[in-house]
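Reviewing the structure listed below.
Throughout, read-outs are computed from the coordinates displayed, never taken from laboratory work. Remember, predicted model here, so these are calculated numbers, not experimental data. So basically every Cβ, Gly included, is an ideal-geometry build from the backbone, and we count neighbours across all protein chains shown.
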Amino acid sequence: MLSTTRISTFEGARALTAATGFFFRRDGRVHLVTSRHVLLDPAGAHFPDRIEIVVHADAQNLTRTVTVQIPLYRNGRAVWRQGRDSGGEVDVAVIALDAAVLPDTVLHAFGPEHLLASLDEIPIGTSLLLVGFPLGFYDTLHHLPVARHATVASAFGVRFQGEGYFLTDARMHRGSSGAPVVTRAGAGRGGPMPWSLLGVHSARLDMAGRDRLQDDVLGLNCAWYADILMTLTGEQEPAAAGSSE
């Protein structure tokens with residue numbers, strides 16, 4: 001639960017949307033991971049210029065939190081990194097966080113050790129958890145997310161429709177974009193966080209030709225393969241997160 005944070009997006013003083021992000025630590029640096037469309041979505045006319053995340057300040061008292069403000073642009077350039085692969089753009093973005101605003105916070109982070117050594121490890125129907133903030137709903141006292149149960153709904157390791165994602169079967173809502181998609185790790189793996197990080201939840205999947213009067217929604221979702229994080233968290237410019245409250 002402490003690996004995941006609620007993201008609020010803003011344009012100036014105007015609040016825009018709520019979404020989900022999680023932490024990924026590599027080589028001593030902590031990164032915030034979310035869906036790229038949370039930070040920029042021209043098709044949806046969504047152009048935030050900063051985000052806020054909330055992290056815990058006391059491992060014993062979960063009601064104590066710190067708000068971290070992160071400007072999304074520095075000197076006119078976006079501070080996040082996003083990826084492309086042979087199928088096109090990948091709806092995942094990472095921001096390297098400034099260690100100066102995190103020393104008094106309590107967070108857990110995924111890392112390379114939580115990624116799969118082989119995609120063949122995950123059979124169809126594998127049980128998953130997606131941890132996030134659906135419709136902005138969460139435990140507001142302790143600032144903890146909620147978990148939705150899901151299953152792997154497409155052949156894992158096969159790029160669905162040639163894109164860099166797989167499908168999950170779960171009841172999902174707006175606000176969950178950027179949620180980590182995890183499954184229980186095998187014995188002896190994962191350390192204090194015994195999970196395998198499989199993907200980053202992006203959005204619900206629907207059919208353009210669905211009869212909205214006769215046909216229910218599919219209940220399927222896109223999750224981008226988590227191995228993109230090894231590309232996005234390589235050497236990069238200095239961290240960008242600016243201030244905490």
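Do the sum for the chain: with -39,500 (n - 2.57) for every DSSP H run of n ≥ 4, divided by all residues, what is the mean residue ellipticity at 222 nm, to the nearest 500 deg cm²/dmol?
Roughly -500 deg cm²/dmol at 222 nm, from the helical runs in the chain.
Which of Ser118, Tyr138, Leu97 sits closest to the plus end of the dipole of region 65-150, meaning its Cα is farthest towards the positive end, when Lys and Arg get +1 and Asp and Glu get -1 on the C-beta?
Toward the positive end, the furthest listed residue is Leu97.
With a/c under 1.5 counting as rounded, go ahead and sort the chain into rounded, prolate or oblate using the C-alpha gyration tensor (a ≥ b ≥ c being the square roots of the eigenvalues; past the cut-off, prolate if a/b is larger than b/c, else oblate).
Since a/c stays below 1.5, the shape of the chain is classed as rounded.
So how far apart, in nm, are the two label points at Gln161 and Glu113 if each is 7 Å from Cα heading toward Cβ?
Between Gln161 and Glu113, the label points sit 3.8 nm apart.
For Phe47 and Leu141, FRET efficiency with R0 = 45 Å and r from the beta-carbon atoms, rounded to 0.05?
Once rounded, the FRET efficiency stands at 0.85.
Let's see if you can work this out: charge +1 on each Lys and Arg Cβ, -1 on each Asp and Glu Cβ, no other charges. What is the dipole magnitude of the chain about its Cα centre, in debye to the nearest 20?
The dipole of the chain has a size of about 180 debye.
Answer with one residue from Leu220, Met193, Ala147: the one whose Cα lies farthest towards the positive end of the charge dipole of the chain, charges on Cβ with Lys, Arg +1 and Asp, Glu -1.
Looking along the dipole axis, the top candidate is Ala147.
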